[in-house]
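The values are calculated or read from the model by the stated rules, or taken from the named source; none is laboratory data. Model, not experiment: these values are computed from the prediction. Note that each Cβ is placed from the backbone with ideal geometry, even for glycine, and that neighbours are counted across all protein chains shown.
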Amino acid sequence: MSEGARILVVDDERAVREAVVDFLEDEGYGVASAACGADALELARAERFALCILDLRMPGMSGTELALELRALAPSTPLLIITGSPDFVPGKSLRAVGIGADDTLVKPYELATLAEKVRHRLGGEGAS
């Protein structure tokens with residue numbers, strides 16, 4: 001396992017989740033993943049993550065609800081929200097709707113853009 005920063009990836013779409021996990025592991029990060037909010041919370045209660053990447057729209061617990069729970073568990077952990085919502089306006093602060101996201105990424109996105117946002121949020125920390 002990488003000695004890089006630990007990242008939690010949460011997305012109900014298996015192919016998307018696996019692609020992000022594989023990419024981040026190739027970049028040298030340690031990655032845990034979950035397909036739903038409940039599983040993500042279980043992981044977040046057991047381990048501290050340097051960054052959480054989560055899909056906004058998921059069945060069951062939404063990304064919004066998960067973000068609020070993660071904020072309560074680890075207030076300083078950066079949250080990167082990913083959304084494919086057609087009504088989402090890039091650049092609009094999710095803080096205004098109470099999520100408290102540190103950054104957003106709109107689907108579809110380039111993995112290079114994801115890597116840039118991850119590096120920025122981790123302050124250059126990461127692959128060892």
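The condition (being at pLDDT 85 or above and surrounded by fewer than 20 Cβ atoms within 10 Å (Cβ to Cβ)) is satisfied by just one residue among 112, 96: 112. Restricting segment 49-58 to residues that are modelled with pLDDT under 95 and within 20 Å of residue 25 (Cα to Cα), the residue that is farthest from the chain's Cα centre (by Cα) is 55. Within segment 36-54, residues that are closer than 22 Å to residue 120 by Cβ and of a type in the set (D, E, K, R) sit with their Cβ atoms under 9 Å from residues that are assigned to a strand (DSSP E or B) and at pLDDT 95 or above, at 6+ positions apart or across chains, in these pairs: 48/6.
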